[in-house]
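These notes are about the structure you will find just below.
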Amino acid sequence: MTAHEPAITPDLVAAHGLKPDEYERILSLIGREPSFTELGIFSAMWNEHCSYKSSKLWLKTLPIDGPHVIQGPGENAGVVDIGDGDAVVFKMESHNHPSFIEPYQGAATGVGGILRDVFTMGARPVAALNALRFGAPEHPRTRHLVSGVVAGVGGYGNSFGVPTVGGLVGFHTRYDGNILVNAMAVGLAKADAIFYAKASGVGLPVVYLGSKTGRDGIHGATMASAEFDEGSEEKRPTVQVGDPFAEKLLLEACLELMASGSVVAIQDMGAAGLTCSAVEMGAKGDLGIRLDLENVPVREDGMTAYEMMLSESQERMLMVLHPEKEDVARAIFVKWGLDFAVVGHTTDDLRFKVYLNGELKADLPIKELGDEAPEYDRPWVETPKAQAVAAANVDAKVGTREALLTLIGSAELSSRRWVWEQYDHIILGDTVQKPGGDSAVIRVNGGPKGLAMTADVTPRYCEADPFEGGKQAVAEAWRNLTAVGARPLAVTDNLNFGNPEKPEIMGQLVGCIKGIGEACRALDFPVVSGNVSLYNETQGRAILPTPTIGAVGVLDDISKSATIAFKREGEAILLIGD
Amino acid sequence: MNAAVIVFPGSNRERDVAAALRAGTGSAPAMVWHADTDLPAGTDLVVLPGGFSYGDYLRCGAIAARAPIMDAVRAHAARGGLVLGICNGFQILVESGLLPGILTRNKNLRFICKTQHLKVERVDTRFTSGYQPGQVIEVACAHGEGNYFADPETIERLEGDGRVAFRYCDAAGNVGGLANANGSINDIAGVYSEKLNVLGMMPHPENLIDGAVGGTDGLVLFAGLAKAA
Amino acid sequence: MKARVTVTLKTGVLDPQGKAIEGALGSLGVPGVESVRQGKLFDVELATDDRAEAEATLKSMCEKLLANTVIESYRYDIAG
Amino acid sequence: MKARVTVTLKTGVLDPQGKAIEGALGSLGVPGVESVRQGKLFDVELATDDRAEAEATLKSMCEKLLANTVIESYRYDIAG
Ligand SMILES: Nc1ncnc2c1ncn2[C@@H]1O[C@H](COP(=O)(O)OP(=O)(O)O)[C@@H](O)[C@H]1O
């Protein structure tokens, strides 16, 4: 639509991560060649990270309902009723690739993103967890990555002011070139005051809130879906810097704004911020959206429409407001020192129109942008069953005593205190069980009710048998909740796998999802939210299949919660199960 | 007992300390915004809560120490009014000149969150009247920059005047050594102003106010304040 | 040999610290400050007296540790 | 007008970060580093073109905010 933008060539299309058949689909959808900005918008909406094009088919097989489920997958986070008018809101999300490139900021912004997902729903975050996988301890980068990631998780959560109460840390050489950082956040809301992304009403203001937009992470969403090659460390400026201080202000301002009755719809700006959030609000509400980008608060001069639409600057939100409440809303944001700008409005034409200084930069059908993303039934092969090994055939190289010492001294099993002592796990004054036990327990609204939470998976089981490994991860999470005396409620999952275009990897994904589904159905343990991270490979070598399971349970009375420590000498020890 | 909690942008333990004040004194504190210029009339105690005011960018507490409300806090302190700064609040007090010294990065350069024992150095102040002489209390630490430092003359003066409020110790009351995780000089965990009406401390008594969540050693401080005011 | 290493954020990278300082200077009544970007500096003493060797050491310490070249640039100046 | 403010720890004040860097360099195999002291720098843009005015602003921002003179010294250099 404008002369000075690059011509749309096959190379440019490929550089946006769009396959030729996907580009064909775009052409037939809009009936003409897309503009540069439009191409960027499609690449953001249709990449693996946002569209779940390889996994959607299989995710649909997971059980997502239950009498207590208020909101299952499809919103920023899942919502479950915990009685007395309260609801728990939670989700887990990955920030794997950015954390490998810049461990501190990558992990920090991962935590920031998931906290935003939770408070966007109207919940105050009350706990955070993190599931981390690093390469072999002796790998030259591991030390640096561990210390950077742990400092980043802590740096963000500690400053934001949420207790980080649990998680897991594992080491394996298959993560040497591709670590995993999965962050989970848990919030509390009133069951009748949950906020959604779905906009309603024509001609309402679309409002931009939070920090200013810079050229951060342009193409970050595409990067999250691309395999690493040796050049990745060069493609660096895509990493964003987190500002937990701004996020804390955003939290307080959003909750205050929600309480004032001003909000029609709200969506956080995550990957491909403005694009995904605006399209989602419109598409879910069967409305069009018009944006006027000159009103977007920016941090750098001369930003183009393309850059503004794809920027991944952190700590930003988009809202649709009741027009008569605009002044109330503005006052709240000014008080908290945050930007507040009307950047567009809702329309009735089901188009996503983006203007910059009056010039039309994109004009796309809004429903199709989201709903008609490609969806693949990728070929997959069942993982061959590993040969069972009889105990009798395994040489006992060392005695029991030595074996035990080796085990407890190993990186895999040693104490994680070094990690969780860097996380503020007591802030808010409700941490009944700190990290170190089976599940963390926090008190709800002064008690006696409490919430238990855990994150689990054993990747080598999933590698040996994806179906059994998927089942086992859910079962372990369930056991960890029941072990502290909680009634398990629901699950969030974070499916970390290699390149799904390889049938063996796709087979791992399918197997694990089937296993998770089977276990969740058997246990009445619905999946209410989650995230998929694919293409976790370096130079063709995939990580271990790692479907992290986050789970939440409820306790009626925290004083009855059980802890892991032996209490007195001379008491009987019982072994339960087989 | 009229308490006022100052809320800075980035404060994050203001709710925790408000809960502790309610539990200890029986009444809820006023929450005062950093941009205000006056304290509520009749304020007996000002509390500067923990957190990361202004992100703790530049130096911890540096920007908050220069917030509009701080003139009123200084005036209150000069009149002999009680001021309690916890963690970030302590950092704000030293940056604003209400207490001597400075808090620098923990000696291991990492954030430390753990249960911590403290030795109560004196029990004849309005903050500590609820404790027994020499009592060892259990509170919680959660900070990245709690390494107390001051020049030798200042330290000598603080020690000489009995202005050290708490020292890091182990459960048995042995001061220092491994119990001093952040590297503070003389194992100092808290200090008083000259007139003993301003107290800054790194650990969090407000997170130990309830038997169901860790313990109650922190509650004693707040309950004692109610009686003292 | 003494040297000073300076590490600054690349242009365009968000600097929350600089932003907070700008805000604070405004409310402290220091007028006329248009922007502040914060960086780090390191004053280093090296064992060598050989300039080339010193440069090699400085470069290696910057690349390996002092700067994160994803978001930061560095430079070093040898004193005298 | 552009200026750079540098803030360094006074001699005698312990610098745990500098010490940690020294240690890390050792284990990273960067030899010959005798000591490291870490400081801060601020790149500032000022609205004025008047040197005297700029100096006054810089001095006031250092004294009021950028340096904690209990442990730190500062200096500023106006570019060009
Ligand atoms: N593995 C999964 N299992 C269940 N639901 C999932 C899974 N992955 C994603 N989802 C759901 O799909 C929706 C879109 O996810 P996502 O794009 O990650 O959210 P966001 O918009 O916050 O980035 C979310 O509601 C999420 O809960």
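The values are calculated or read from the model by the stated rules, or taken from the named source; none is laboratory data. These numbers come from a predicted model, not from an experiment. A quick note on method: Cβ atoms are made from the backbone with ideal geometry, for glycine too, and the neighbour counts reach across all protein chains shown.
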If we keep only residues of region B:44-60 that are among the aliphatic types (A, V, I, L, M) and more than 7 Å from every other protein chain (Cβ to nearest Cβ), then the residue farthest from residue D:8 (Cα to Cα) is B:45
Among the residues of region A:164-172, is any in a helix (DSSP H, G or I) and more than 16 Å from the ligand (Cβ to nearest atom)?
-> no
Test: residue in region A:340-360 that is crowded, with 17+ Cβ neighbours inside 10 Å, within 14 Å of another protein chain (Cβ to nearest Cβ) and in contact with a strand residue (DSSP E or B) (Cβ under 9 Å, 6 or more places away or on another chain) = no
Kindly establish whether residue A:483 is farther than 22 Å from residue A:537 by Cα and within 16 Å of the ligand (Cβ to nearest atom).
-> no
Total residues in region B:147-183, condition part of a loop (DSSP other than H, G, I, E, B) and aliphatic (A, V, I, L, M) = 4
Considering B:181, B:171, which residue is closer than 28 Å to residue B:107 by Cα, of a type in the set (A, V, I, L, M, F, W, C) and within 12 Å of chain A (Cβ to nearest Cβ)?
-> B:181
Might you let me know whether region A:91-102 holds any residue that is surrounded by 23 or more Cβ atoms within 10 Å (Cβ to Cβ), within 16 Å of the ligand (Cβ to nearest atom), more than 14 Å from every other protein chain (Cβ to nearest Cβ) and part of a loop (DSSP other than H, G, I, E, B)?
-> yes
Members of region A:283-301 that are within 14 Å of chain C (Cβ to nearest Cβ) and among the hydrophobic types (A, V, I, L, M, F, W, C) | A:298
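This table checks each residue for (1) assigned to a loop (DSSP other than H, G, I, E, B); (2) over 22 Å from residue B:219 (Cα atoms).
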residue: B:106; (1), (2): yes, yes
residue: B:122; (1), (2): yes, no
residue: B:137; (1), (2): no, no
residue: B:145; (1), (2): yes, yes
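Can you report the number of residues in region A:509-552 which are hydroxyl-bearing (Ser, Thr, Tyr) and more than 14 Å from the ligand (Cβ to nearest atom)?
Final tally of qualifying residues: 2.
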Matching entry among A:88, A:79 (being within 12 Å of the ligand (Cβ to nearest atom) and not in a loop (DSSP other than H, G, I, E, B)) = A:79
Single condition residue A:117 does not satisfy, out of (1) within 14 Å of chain C (Cβ to nearest Cβ); (2) buried (at least 24 other Cβ atoms within 10 Å of the Cβ) | (1)
Only one residue in A:87, A:108 is surrounded by 18 or more Cβ atoms within 10 Å (Cβ to Cβ) and out of contact with any strand residue (DSSP E or B) (no Cβ under 9 Å at 6 or more places or on another chain), so which one is that?
-> A:108
Those residues that are in a loop (DSSP other than H, G, I, E, B) and not basic (Lys, Arg), I need them from region A:56-76; list them, please.
-> A:61, A:62, A:63, A:64, A:65, A:66, A:67, A:68, A:72, A:74, A:76
Here are some residues: A:498, A:530. Which one is under 18 Å from residue A:73 (Cα atoms) and not in a helix (DSSP H, G or I)?
-> A:530
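Conditions (1) at the interface with another protein chain (Cβ under 7 Å from one of its Cβ atoms); (2) without any contact (Cβ under 8 Å) to a residue 12 or more places away in the chain; (3) surrounded by fewer than 20 Cβ atoms within 10 Å (Cβ to Cβ); (4) of a type outside the set (D, E, K, R), marked per residue:
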site	(1), (2), (3), (4)
D:6	yes, no, no, yes
D:18	no, no, yes, yes
D:35	yes, no, yes, yes
D:48	yes, no, yes, yes
D:58	no, no, no, yes
D:61	yes, no, no, yes
D:79	no, no, yes, yes
What is the one condition in (1) part of a loop (DSSP other than H, G, I, E, B); (2) more than 16 Å from the ligand (Cβ to nearest atom); (3) within 12 Å of another protein chain (Cβ to nearest Cβ); (4) touching a residue at least 60 places away in the same chain (Cβ under 8 Å) that residue A:313 does not satisfy?
-> (2)
Look through region C:44-65, keep the residues that are among the hydroxyl-bearing types (Ser, Thr, Tyr) and farther than 23 Å from residue A:104 by Cβ, and return whichever of them is modelled with the lowest pLDDT.
-> C:48
Taking residue A:158 and the conditions (1) out of contact with any Asp or Glu (no Cβ under 7 Å at 6 or more places or on another chain); (2) within 22 Å of residue A:431 (Cβ to Cβ); (3) away from the ligand (no atom under 16 Å from the Cβ), which numbered condition does it fall short on, given that it satisfies the others?
-> (1)
Kindly indicate whether residue B:28 is more than 12 Å from chain A (Cβ to nearest Cβ) and either surrounded by 20 or more Cβ atoms within 10 Å (Cβ to Cβ) or at pLDDT below 95 (or both).
-> no
Conditions (1) surrounded by 12 or more Cβ atoms within 10 Å (Cβ to Cβ); (2) under 25 Å from residue A:136 (Cα atoms); (3) within 26 Å of the chain's Cα centre (by Cα) -> residue A:417 fails only (1)
If you take the residues of region A:263-307 that are surrounded by fewer than 22 Cβ atoms within 10 Å (Cβ to Cβ) and part of a helix (DSSP H, G or I), which of them is nearest to the ligand (Cβ to nearest atom)?
-> A:284
State whether the residues of region B:70-87 include one that is surrounded by fewer than 22 Cβ atoms within 10 Å (Cβ to Cβ) and under 26 Å from residue D:74 (Cβ atoms).
-> yes
Could you identify the single residue in A:44, A:14 that is within 16 Å of the ligand (Cβ to nearest atom) and either in a helix (DSSP H, G or I) or among the small types (Gly, Ala, Ser) (or both)?
-> A:44
Give me a count of the residues in region A:105-130 that are modelled with pLDDT under 95 and either more than 20 Å from residue A:50 (Cα to Cα) or among the aromatic types (Phe, Trp, Tyr) (or both).
-> 1
